Structures are given as C-alpha cells and as structure tokens.
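Enquirer: After the structure tokens below, expect a handful of questions from me.
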Amino acid sequence: MGLFRKKRKPKYVEEILEYDGSRQPEETEAPVKKRKSPAMEYCDQILKASKALEETKREYRTVTDYLTDIQSIENLPKQEMEEIQEVANHIMVLNASRDAYLNKEKKISDSQYAQMEQLQDQIPDIIKRLKENEAYQTTVKRDMQYLEGEREEWRYYKEALEQETRILRKVLFGLAGLFIAVIILIFVFSYTMHFDVRTPFLMAVIAAGAVEGLLVLRLQNDMADIKKSLANINRAIMLLNKISFKYVNVTNAVDYACEKYHVKNSYELNYVWEQYLEAAQEREKYERTNDDLEIFNNKLIRMLHGYHLYDSRIWIYQVHALLDKKEMVEVKHELVVRRQKLRSSMEAQIANIQKAKAEIQKLVKAHPGDDKEIQDILDALDKECGLTA
C-alpha cells in the first residue's frame, strides 16, 4: 500500500541518531516538543491501517449476513414464500404507479397549480365571466367596425354631394349666361331681320326655366342630403365614442384577467383549470399510493423480521428479487463478487501490516529506545487484528 512505502535509509539513520540522546539541548535554548522516533510514527500509521482493516472486516461481515439472509429466504416453505411474494407484488405495482406519476410530464406549472388550488371555488365563475367579457368585447368591436364603416360611407356620400353641388352651381351660372346670350341674339336678329321674336323668346324662356328649375331642385335635394349626411356622421361619431368607452373597459377587464392568471384567453384558462383538476386527482391518487405503499412495506418488513434476518428493510427496495429467481441470483452474485473483493482487500491489508511490523521490529532491535512502548503497541495490534508477530 502507498501508506507503507519504504523510505530512503540515509534519512532513517540520521533521524534515529538524532533521537538517541547524543545531542542534548543547551540550557539557554527554549524547550522544544519531544519528537517521536520513526518507529513510533510508523506504529501510528499501522494503527490507522488496522482501523481501516477493521472497517473492511465489518463490511465483509455485513455482506456475509446479506448472503445468509438470501439463503434463509430461498429455504422458506413454498406457502410462506408465496405469501411474501404476494406482498412484494403489491409493493412492485405501487412503486410502478408512484414512479409513473413522478416521471409524468407536467402540463401546468407549479405556480399555476398553486393558484388554481387557492381559487378553486372561484375559478368556474371567473372562467364564465371571462368568456362573457370576451364575447361582449367581440360584439362591441364588431359594432365599432360597423359604425366606422357607416361613418366613412356617409362621409364619402357627403363629399360626393358637395362635389355635385359645386358642379351644379357652375352649370346654373353657365346656363344663365347662355340664356342671356340667346336673348341678346334673338333681339339682334329681330332688329336686323325684322321678324316676330315673341315665339323664340317664349320658347327660350320656357326651356331655360325648365332646365334651371330642374338644376335648382337637384341642388336643393343635394343640400338637404348633405345636412342629412352630416347628421348621420355626427350620430355615428357619438355612438362610436360611446361604444369605444365600453370597448376600452371590457378590454381592460379581459387583459387584467389574462395577465392575472397567466393565460391568453378564456379557452386557455379553462384548459389550465381542467389540467389542474386532472393533476389534483392524480396527486390524490399518488398520496393514496404512498399510504398503501407504506402499509405493504411495513407488512413485508414484519413478515421477514419473523425469520430473524440481518436486514429485513432492504428487501422493500429489491422486491423484484423476491418475485424473480433470476433477479435473486443476480443479487447473490453481486454480493459474492463483493465479498471476494473484500476478502482480497483484507488479505492485502494484513500482509502489508505484517510486513510493516517486521520492519518496525528490525528498527527497534537496531536502535533501542522506546522498544517497550512499541512492543506493547504491536502486541495490542496482534490482539485487535488477530495477527501473529
């Protein structure tokens, strides 16, 4: 072992000669702590090694006890073994159910679960209210879009009427000028050509009056429609402002609820609620499983304890070995291999300690000093570890 590697001889000789009393400290020197001889230091190291050996022996005895337990279980009567296997099977099924729950992917976060659990009596009403607000928000938004469309439609109609009135005014002024020009021409022709102007004048007056009358009527209708359009526009704006206020309020309510419950809409909140209900049922089932598992674990421990096993509790963690002979053979094989390694380790530790003892005895014989104390330590070591000098 590395603990017992052989050191260089010149160093040993110097340390031993320094210790044998040939050099005495002067009276004026400050008192110094007495140093141990190399042999004594070696003994301390061997004592530590002996403690490690004792620990290995304890582990070896533990492994042997486990193998003895397996032998006792394998030698049980068939009926008693079947009773143990029945309990072990319950434990295996319950463990599988518990592992399935622990390994299942969570569909909602722990914070969402805690929030749903805290408000479980209120969440159904909250979901209903959020759905109603979202439906109302949709309705209000649709009304806003309708009013905006109606407002723009009346605005375009008003602009078209205003454009038409401008054109009609220009046409009226043009026709008035044309009528005056025609009247002048009629009188000029009548003066120069000496014919009766009453009939052409009358026809011109009737024609101009008819056209002007129609244009004036259309202009008046357009003006009336412009006023009506303006009134409809104002009404649409008033309704739009009123509905916009409602839309802002309901939108704030929806946004607040979504932000509070960390969702995007009522459908997602309803999904979180349904997942919470499912998770709560699974958690309740998990707790019942744990309770049942504790009952069957204790039952198995009591049953095995009746056979005076070294460790009855360990079998609740390896029930497969109680149910399957191949698993039991595998457990036994691992213990046998482990015990063989421990035996080899103990043999190596004992050999190293014996070798170190022989080296110490040589040092003591070559440089006597604290040989009695060292021999007492070696004898105690023999007694503790069961070694021979």
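Values in this text are rule-based calculations from the coordinates and carry no lab data. This is a predicted model, so every value here is computed, not measured. Glycine also receives a Cβ, built like all others from the backbone with ideal geometry; neighbour counts cover every protein chain displayed.
Enquirer: Among 331-344, 102-115, how do they line up from the highest to the lowest mean number of other beta-carbon atoms within 10 Å?
Expert: Averaged packing, sorted descending, gives the order 331-344, 102-115.
Enquirer: Using unit Cβ charges (K, R positive; D, E negative) and no other charged atoms, how large, in debye to the nearest 20, is the dipole of the range 280-340 about its Cα centre?
Expert: Numbers: 11 positive and 11 negative charges, 69 e Å.
Charge dipole of the range 280-340: 340 debye, to the nearest 20.
Enquirer: Also, I was wondering about something else. Beyond 25 Å between alpha-carbons counts as too far, so tell me which of 131/285; 104/325; 170/228; 131/246 fall in that bin. The partial results should precede the final answer.
Expert: Values: 131/285 32 Å; 104/325 31 Å; 170/228 23 Å; 131/246 16 Å.
Checking Cα-Cα distances, 131/285; 104/325 exceed 25 Å.
Enquirer: Would you mind calculating the relative contact order of the range 114-262 from Cα pairs under 8 angstrom and at least 6 residues apart, reporting the percent as a whole number? Show your work: numbers first, answer last.
Expert: Numbers: 78 pairs, mean separation 70.1, N = 149.
Computed over the range 114-262, the figure is 47 percent.
Enquirer: Select from 149, 226, 236 the residue farthest towards the positive end of the dipole of the range 114-262; place +1 on Cβ of Lys and Arg, -1 on Cβ of Asp and Glu, and compute about the Cα centre.
Expert: The residue sitting most towards the positive pole is 226.
Enquirer: Right, something else. Whole Å is fine, so just give me how far the alpha carbon centre of the range 132-157 lies from that of the range 86-114.
Expert: 52
Enquirer: If you place +1 on the Cβ of every Lys and Arg, -1 on the Cβ of every Asp and Glu, and leave all else neutral, what size is the dipole of the range 114-262 about its Cα centre, to the nearest 20 Debye? Mind showing how you got there, number by number?
Expert: Values: 19 positive and 19 negative charges, 101 e Å.
Around 480 debye, computed over the range 114-262.
Enquirer: Here's a follow-up. Please give the peptides 268-274, 163-169 ranked by average Cβ packing (other Cβ atoms within 10 Å per residue), highest first, as a rough proxy for protection. Before the final figure, lay out each step's value.
Expert: On the way: 268-274: 17.6, 163-169: 14.1.
Per-residue Cβ counts within 10 Å, averaged per peptide and sorted highest first, yield 268-274, 163-169.
Enquirer: Could you tell me which residue out of 52, 62, 140 lies farthest along the dipole of the range 44-164 toward its positive end? Charges go on the beta carbon: Lys and Arg +1, Asp and Glu -1, centred on the Cα centre.
Expert: My answer, from the dipole projection, is 52.
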